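First comes the structure, then the notes that go with it.
The values are calculated or read from the model by the stated rules, or taken from the named source; none is laboratory data. Predicted, not measured: the structure shown is a model, and the values here were computed from it. Cβ placement follows ideal geometry from the backbone for every residue including glycine, while neighbour counts extend to all protein chains displayed. Note: areas computed on protein heavy atoms with side chains; ligands, DNA, RNA excluded. Shrake-Rupley method; radii C 1.70, N 1.55, O 1.52, S 1.80 Å.
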Amino acid sequence: MKYSAPRGTRDYLPPYSTAMREVVRRASEVLESYAFLPVDTPIFEASELFVRSIGEQTDIVSKEMYTFADRKGRQLTLRPEGTASVVRAYLENGLEQLGVERLYYVGPMFRYERPQAGRQRQFLQLGVEIFADPGPEVDAEVIQLLMAICQAVGLTGLTVQLNSLGCPACRAGYSDSVKAALASRISSLCPECVQRLEKNPLRVLDCKVERCTDAFSEVPSIQESLCGACREHFESVRSLLGRLDIPFTLDPRLVRGLDYYTRTAFEVQIPGATGAQNAVGGGGRYDLLVEQLGGKPTPAVGFAIGLERLLSLVQSQGVDILPPGGKLVYLAATSAEGRARALELASALRARRVACLIDRSRGANLGKQFKQAGRMGARAVAVLGDDEVEKRAVAVKDMVTREQVTVPMERAVEQILAVLARVETPAGKVERS
Ligand code: AMP
């Protein structure tokens, strides 16, 4: 029997996996500059947590959850998104009393969707949540943060789509407008939309079926239904984005597929891409969710970025995200004593955090070992051949300049560090840093 990764999942192999680590490293640097702290929550939670927070009528809850009963019959779900879990953790651990308000996470999410380009059943999200701040400034700040992360990985040309979903008061009026606008088109809607129009009219706008989206041209903009306070909040967010030089486009149809959003909703979209897979990331305010999950009223705002989509965009824009290589030291040896000394030298180098690899061919000639070092992209090769072993010496070769110097064993680390400290200029010349 041949095994393969389950449908909709993938293996993350080098160099993709290295690039993904680099994306997360750069994003974490940006996040630290916004004073976010990391949080990790379990990969599964009680199903009820997601049903209550994301909403029963959403695609995620009605069609896409990986739900199972454990051996004691508890209903559990592999998390389809991060916000519900972080809110649960915030409440369960009394983070409010500890003054922890800015959290970020990176990890896999699971949705039973039809796999296609940009859509997997297990995918990575990086997300942030800010609690206890109702001000429009944090809305602008998280949108800026999302853009800053995209810029930190080298992306250009991304656009922010912006909308306000109002509060329950504005939403009630808007739901009525959606119902009224679609009343005469009901026969052309898909059965799911007909059902949603009854139970949760805003969710109708998530539908991607063409005959339904055609009918949506009849639906008025939610912005016309906003109450005074929500209107003012939204105006402030827009004005602050202007002051931060963040261009955005108003999109009155952006409803984001999850019930917990209130007021500001946003998405960062891939320029030129259309359809359901065009968003790199998105989020918004969810001022009622903490209370809905048993806490006291606590405004909150956040977003999630899909890391595979982010990285595929990085690749399609031709950005080289791989960290600069060329710092590997390859240790070549021709005898058991040579390999033992190579092991000692490698531990001295690794104590200085120098990446090294000892030849594993056990006796292949030095020519072959050099070839292997070249294939691995080694910057330096330390040779412990028969001559060197006899003289208690090491030959250190710079694989770029081809210069080779033999030094006593005690000076090997110093010599290797000197080679690694040479900086390659774009013209391929080598300078000493
Ligand atoms: P959402 O939690 O639905 O707001 O999604 C936030 C981001 O996660 C999206 O913009 C995508 O980049 C990513 N994402 C959502 N679903 C998937 C999926 N099935 N496969 C890959 N990425 C996804």
- Amide proton proximity set for Cys356, modelled H, under 5 Å, gap of 5+: Val329
- From the backbone phi of region 114-131, what are the Karplus-calculated ³J(HN,Hα) couplings (6.51 cos²θ - 1.76 cosθ + 1.60, θ = phi - 60°) in whole Hz, Gly and Pro given as x? 6, x, 7, 4, x, 9, 10, 8, 10, 9, 9, 10, 10, x, 10, 9, 10, 9
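Would you mind classifying region 1-76 by shape? Square roots of the alpha carbon gyration tensor eigenvalues, ordered a ≥ b ≥ c; an a/c under 1.5 is rounded, otherwise it is prolate if a/b is larger than b/c and oblate if not.
Since a/c reaches 1.5 but b/c is at least a/b, the shape of region 1-76 is classed as oblate.
Tally up the carbon and sulfur contribution to the accessible surface of the chain as a whole percent, 1.4 Å probe, everything protein left in place.
52
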- Evaluate the charge dipole of region 329-432 about its Cα centre and quote only its size in Debye, nearest 20, assuming +1 on the Cβ of each Lys and Arg and -1 on the Cβ of each Asp and Glu. 380
- Message: What distance in nm lies between label points placed 7 Å from Cα along the C-beta direction at Leu357 and Leu244?
- Response: 4.2
- For region 329-432, build the charge dipole from Cβ charges (+1 Lys, Arg; -1 Asp, Glu) around the Cα centre, then report which of Met409, Leu420, Thr334 sits farthest towards its positive end. Leu420
- Query: Taking square-rooted eigenvalues a ≥ b ≥ c of the alpha carbon gyration tensor, is region 1-140 rounded, prolate or oblate, where a/c under 1.5 means rounded and, failing that, a/b exceeding b/c means prolate?
  - Reply: oblate
- Query: So for the pair Ser347, Leu37, with labels modelled 7 Å out along Cα→Cβ, what separation do we get in nm?
  - Reply: 3.8
- Taking amide H positions as placed 1.01 Å from N in the peptide plane, with prolines and chain starts having none, which residues 5 or more places from Val394, or on another chain, fall under 5 Å of its amide H? Val407, Met409
- Query: Each residue of region 56-71 in turn: what ³J(HN,Hα) in whole Hz from Karplus with 6.51, -1.76, 1.60 and θ = phi - 60°, glycine and Pro shown as x?
  - Reply: 4, 7, 6, 4, 4, 6, 7, 10, 10, 7, 8, 10, 8, 9, 7, 5
- Message: Among the listed pairs Lys63/Lys199; Lys371/Lys397; Lys179/Lys199; Lys2/Lys63; Lys63/Lys208; Lys327/Lys371, which have their C-alpha atoms separated by more than 21 angstrom in this model?
- Response: Lys2/Lys63
- Calculated log₁₀ intensity ratio I(q)/I(0) where the Debye formula runs over C-alpha points of the chain, q = 0.07, 0.13 Å⁻¹: -0.48, -1.11
- Item | In nm, spacing of pseudo-spin labels at Thr9 and Ser188 (7 Å Cα→C-beta vector) | 4.3
- Residue of Arg231, Arg111, Arg362 that the Gaussian network model of the chain assigns the largest fluctuation, springs spanning Cα pairs under 10 Å: Arg362
- Where the Cα pairs of region 329-432 fall when distances are cut into 10 Å bins, in %: 16, 52, 27, 4, 0
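If you place +1 on the Cβ of every Lys and Arg, -1 on the Cβ of every Asp and Glu, and leave all else neutral, what size is the dipole of the chain about its Cα centre, to the nearest 20 Debye?
That gives the chain a dipole magnitude of about 1620 debye.
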- Task: Please build a GNM for the chain, connecting alpha carbons under 10 Å apart, and tell me which residue among Gly99, Gly326, Gly154 fluctuates the most.
- Result: Gly326
- Quick one: which of 363-372, 67-76 comes out on top by average Cβ neighbours within 10 Å, and what's the full order, highest first? 363-372, 67-76
